[in-house]
Structures are given as C-alpha cells and as structure tokens.
Amino acid sequence: PSLYVDPSQRSQEIWEEFSLSFIPAVREVVEFAKRIPGFRDLSEYDQVSLLKNGTFEVLMVRFASLFDVAERTVTFLTGKCYSLELLRSLRAGQLFTSMCDFSEKLATLQLDKDEMSLFIAVVLVSADRSGIQDLKSVEALQDTLIRALRSLIMTNHANETTTFTKLLLKLPELRSLNNIHSEELLAFKV
Amino acid sequence: PKTHRVMTLADHISHIITQDFARNQ
C-alpha cells in the first residue's frame, strides 16, 4: 500500500480501469455467496475466510464471459474493449493471457446459467481453504453443492458423460491460477 | 498531481470483503 508509481503512462490508466472494475464485481460475489443455501449458517469467520480465499477464482469464472476468444479482446466492466496484444504489453499481460485461455476451455463445456452458478458455489465453498475453523460444516455444505452440481450436469449433459469430470478438473486449474496471479499488483488513483 | 497506490489483487479483494462484512454488522 505504501508503494507509489508514475501516473503518466497510459497503461496505468487502463490498469486502473481494470482495478476499479473489481470493486462491484467482488461485492456481487459476496452477495452471491450469501444467497447460497447454508452459507449464512457457517460462522462469519468461515464465511469471510471462504470469500477471501475463493473470490479471485470466482472472478476468473465470471470474467470468462468478458473475453472474446476469437477476436482476442477483453471488454472491461466499464464497456471499453481492449486487444489482448495491448494488454499483454502492460504489467499483467500474463494474467489476461491466462484468463483468456481459461475462458476458452470453460466455454467448450457449454454450461448454462444455473450450472455456472452452482459451479461458482462449489468453487467458493471449498473445505481445504486455509483458515477454516469449522471444517465439518464447510465439508458438509461442499458435499451438498457438489452432489447438486453433479445431478444437474448429469441431467443436462446426458450425452456428454465427461462434462462433470472436466468441470471438477477446472477446480485445481483455478487454484493454480489463483496462486500464480493473486499477487499481481493493481493501481488506484488516490 | 495524481498519485497511484498499488495493492495486490489478493489484498484488494480481501479489503473489499472485510469492508462489506463490517458495513453489514
């Protein structure tokens, strides 16, 4: 927080626009979590721990729709569209490239809105996050959500039996992206 | 003149979540 950077570069402004778009998006993740049946029954400490550990991954899933994989562009929540080539020249080029790659793979699973919501709930409620106090309660909720997701996917993708497995394999992939990128620096005008 | 503060993505997310829970208490 005590670091200050040169504000004169254009890349700074683009990066700031991306940073600011996180605030409403993070708040929406918090509101979403509170509506997951059973989430509010967890201790507030565990609710906060799950959110702090999992929100980046949820944003990766949610932001997937902002990427146009064919055109290689990203539309920020402000509505402005940038090419991946331009973004790659900024400090966090690798982050955008990873997000685009992830979006491409997620899109091939062709999930509908309900499946996506349930998948996001599974991403968020993971008992193996650090700092969880009441493991049993989080595990029980996680099991319920995974069973619900499995049932929904099996019903909707009866002809594509590997969809659920492919979706579960996205979880370690997201974890890895979180580990690589959550320490990226964001800049804010102050 | 404009100055910029730098935070990590993880810190930023954590900060917004803490604020949100504090606001609703």
(request) Enumerate the aspartates and glutamates that A:Lys136 could reach by cross-link, defined here as Cα to Cα under 12 Å, with residues fewer than 8 away along the same chain left out. (result) A:Asp46, A:Asp128
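Please give the peptides A:161-168, A:16-23 ranked by average Cβ packing (other Cβ atoms within 10 Å per residue), highest first, as a rough proxy for protection. Working shown, then result.
Values: A:161-168: 14.8, A:16-23: 18.1.
In descending order of packing, they fall as A:16-23, A:161-168.
Going by a ≥ b ≥ c, the root eigenvalues of the Cα gyration tensor, does region A:96-141 fall in the rounded group (a/c under 1.5), the prolate group (a/b larger than b/c) or the oblate group?
oblate
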(request) Round to the nearest 10 and give me the degree value, 0 to 90, for the angle of helix A:113-124's Cα axis relative to the longest principal axis of chain A. (result) 90 degrees
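Treating only the Cβ of Lys, Arg, Asp and Glu as charged (+1, +1, -1, -1), what charge dipole size does the protein assembly as shown show about its Cα centre? Round to the nearest 20 debye.
Working: 24 positive and 28 negative charges, 49 e Å.
Here the protein assembly as shown has a charge dipole of around 240 debye.
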(request) At q = 0.12, 0.15, 0.18 Å⁻¹, what is the base-10 log of I(q)/I(0) for region A:42-98 according to the Debye formula with one equal point scatterer per Cα and no solvent? Please give it to two decimals. (result) -0.38, -0.54, -0.68
(request) Output the peptides A:78-87, A:27-36, A:45-54 sorted from most to least packed, where packing is the average of other Cβ atoms within 10 Å over each peptide's residues. (result) A:45-54, A:27-36, A:78-87
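Report, in debye and to the nearest 20, how large the dipole of region A:43-130 comes out about its Cα centre when Lys and Arg carry +1 and Asp and Glu carry -1 on their Cβ.
Values: 9 positive and 12 negative charges, 77 e Å.
In debye, rounded to 20, region A:43-130 gives about 360.
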(request) Run down the aspartates and glutamates and flag those whose C-alpha is under 16 Å from the C-alpha of A:Lys113, throwing out any fewer than 8 positions away in its chain. (result) A:Glu28
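At 4 °C and 1.567 mPa s, what whole-number value in µm²/s does Stokes-Einstein give for the translational diffusion of the protein assembly as shown, with Rh from the Kirkwood sum over Cα pairs?
Working: Rh = 18.2 Å.
Roughly 71 µm²/s, to the nearest whole number.
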(message) Going Cα to Cα from A:Lys166, which aspartates and glutamates come in below 13 Å? Please leave out same-chain ones fewer than 8 positions away.
(response) none
(request) Just grab the label-to-label distance for A:Arg72 and A:Glu28, each label 7 Å out from Cα along the Cβ direction, in nm (one decimal). (result) 2.7 nm
(message) What is the angle, in °, between the Cα long axis of helix A:135-156 and the longest principal axis of the Cα atoms in chain A? Nearest 10 is fine, range 0 to 90.
(response) 90 degrees
(request) Treating the angle as unsigned and between 0 and 90°, give the value, to the nearest 10°, between the Cα long axis of helix A:93-107 and the longest Cα principal axis of chain A. (result) 40 degrees
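Values in this text are rule-based calculations from the coordinates and carry no lab data. Since the model is a prediction, treat every value here as computed from it, not as a measurement. Neighbour counts run over all protein chains shown; Cβ positions are idealised from the backbone, glycine included.
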